[in-house]
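Enquirer: Got a structure for you, written out below as structure tokens; questions coming shortly.
The values are calculated or read from the model by the stated rules, or taken from the named source; none is laboratory data. Since we're looking at a predicted model, the values are computed, not measured. Glycine also receives a Cβ, built like all others from the backbone with ideal geometry; neighbour counts cover every protein chain displayed.
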Amino acid sequence: MRILMLTPRLPHAQSYSGMQMVYQRMARLIERGHQVGLACFIDEQQDRPYIDRLHSGLYEVEILREPRLNQFLPGAFTQGRFSARSSFFRYQSRRMSETLGRMVHYGRYDVAIAEFTAMGLFFLENPYLPAVRRMISCHDSPTLGSRKRINMLGAGLSWGRQWLEYRHMRYLEFRLYRAVDRVLTLTHEERMALLEEDPTVRITAVSPGLRSETFFPLPDEPKEHVILITGRFSSEQTQYGALWFLRNVWPVVRRRDPDVKLYLVGRDPSPAMNHIGGRDDRIIITGEVEDLRPYLARAKVYACPALSGSGVRGKVLEAMAMELPVVSTLVGSEGIPMLQGNNGYLADSPGVMADLIYMLLHDEAQCRRLGQNARKTIESQFTWSNSMDLLEQVLQDVVSKRSYHNVS
């Protein structure tokens, strides 16, 4: 089968989280004998050094500079609370529409997959695109994220503004989903939530795998008295969760434990995060790092304070694979069979999360047991072999025009 992947960033071997999932999908489809092409935008500052680390087996590659509008928009509109909404217009590019059409025409692709919802824009009203089966892989639904924020708000002006945003995001997102042959989600929970919004959309859940051969325990790395949070902090949900932790959980843990440190590892920390970190010498904000594994290996506890968003969080899977005990909110553990006190801990209130983190910081035996069980969960339920078996079945289903009801 010939498959064209459309991505907003360069999916290379050293990428993390969502883009790493894309890279692994491409690599494993190639290993299984499929011909995979790639059309993507490039962030000149972040991605240019990694062009030579694209998969060598790609059928063809077209790399375009990110749209001019995206280059010149203020950071406030491309990061944080406006990032999801702005993605529906800042990625518009006539050149990408033309490139996609040309690749489909001359490459004779069987199916094109837009990784991340906003890239589905190039399937909608694209006059250059010939007939081809089209799919959107939703990594994090803006509509569901907005709906969750509504549930967190009480009656008032903020609730009204959030409701209007939810309705707008729902319109933008679902008009893309209705225009394609299939939508992929990362969790069954996300699939069911999207079907609640519109039961006519054709949706299949395909859980991701994890590179357990890459993320594994490093016993030679000495443990430090550290709490770790990772992520792409330009994302609204990651930034909001990190600020909630910094303002509500960290002060409690800090008072109880005078030696503990907090590491925030990931690209694009917000000004608010830097402001809080600048006033506390026990908060270390690293920015983007070349290799995340040493930080995961040295930390004692991993915290995932996500309060909104959807889909499987690859960063939690990476921590579990490295036998790092995880304390997460319910939202942060979506799609992961996390059993309280067995392979991780769940906490939605600041006080409970602080108590659990403090306990794990001072209980080496409990940390070891949780970490080992977490690793077993990854090895048994998040293998790329299982993920690719299902993805191939979905691709065959779409290309052969069989009913989407055959795959659940």
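Enquirer: Between Glu288, Glu224, which is within 28 Å of His139 (Cα to Cα) and not aromatic (Phe, Trp, Tyr)? Write out each step before concluding.
Expert: Numbers: Glu224 fails: within 28 Å of His139 (Cα to Cα).
Every option except Glu288 fails the conditions.
Enquirer: Further question on the same structure: If the requirement is being among the acidic types (Asp, Glu) and part of a loop (DSSP other than H, G, I, E, B), which of these qualifies: Glu98, Glu125?
Expert: On the way: Glu98 fails: part of a loop (DSSP other than H, G, I, E, B).
Answer to the selection: Glu125.
Enquirer: Residues in segment 245-261: is at least one free of Cβ contacts under 8 Å to residues at least 40 places away in the same chain, surrounded by 14 or more Cβ atoms within 10 Å (Cβ to Cβ) and touching a helix residue (DSSP H, G or I) at 6+ places or on another chain (Cβ under 6 Å)?
Expert: Within segment 245-261 (the criterion being free of Cβ contacts under 8 Å to residues at least 40 places away in the same chain, surrounded by 14 or more Cβ atoms within 10 Å (Cβ to Cβ) and touching a helix residue (DSSP H, G or I) at 6+ places or on another chain (Cβ under 6 Å)), the answer is yes, since at least one residue qualifies.
Enquirer: Kindly indicate which of Gln35, Gln24 is surrounded by fewer than 23 Cβ atoms within 10 Å (Cβ to Cβ) and either within 20 Å of Leu100 (Cα to Cα) or of a type outside the set (Gly, Ala, Ser) (or both). Working first, answer last.
Expert: Details: Gln24 fails: surrounded by fewer than 23 Cβ atoms within 10 Å (Cβ to Cβ).
Among Gln35, Gln24, only Gln35 is surrounded by fewer than 23 Cβ atoms within 10 Å (Cβ to Cβ) and either within 20 Å of Leu100 (Cα to Cα) or of a type outside the set (Gly, Ala, Ser) (or both).
Enquirer: Only one residue in Arg267, Arg293, Arg279 is modelled with pLDDT under 95, out of contact with any strand residue (DSSP E or B) (no Cβ under 9 Å at 6 or more places or on another chain) and either surrounded by 14 or more Cβ atoms within 10 Å (Cβ to Cβ) or β-branched (Val, Ile, Thr) (or both). Which one?
Expert: The unique qualifying residue is Arg293.
Residue-wise test of (1) surrounded by 15 or more Cβ atoms within 10 Å (Cβ to Cβ); (2) touching a Phe, Trp or Tyr at 6+ places or on another chain (Cβ under 7 Å); (3) in contact (Cβ under 8 Å) with a residue 40 or more places away in the chain; (4) not assigned by TED's automatic domain parsing to the domain that holds Leu391.
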{"residue": "Met152", "(1), (2), (3), (4)": "no, no, yes, no"}
{"residue": "Ser158", "(1), (2), (3), (4)": "no, no, no, no"}
{"residue": "Arg161", "(1), (2), (3), (4)": "no, no, no, no"}
{"residue": "Arg175", "(1), (2), (3), (4)": "no, no, yes, no"}
{"residue": "Thr185", "(1), (2), (3), (4)": "yes, no, yes, no"}
{"residue": "Met192", "(1), (2), (3), (4)": "no, no, no, no"}
{"residue": "Pro199", "(1), (2), (3), (4)": "no, no, no, no"}
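Enquirer: Test Val316 against the criterion of being in contact (Cβ under 8 Å) with a residue 24 or more places away in the chain and touching a strand residue (DSSP E or B) at 6+ places or on another chain (Cβ under 8 Å), and give yes or no. Break it down into steps so the answer makes sense when it comes.
Expert: Details: in contact (Cβ under 8 Å) with a residue 24 or more places away in the chain: no; touching a strand residue (DSSP E or B) at 6+ places or on another chain (Cβ under 8 Å): yes.
Against the criterion (in contact (Cβ under 8 Å) with a residue 24 or more places away in the chain and touching a strand residue (DSSP E or B) at 6+ places or on another chain (Cβ under 8 Å)), Val316 does not qualify.
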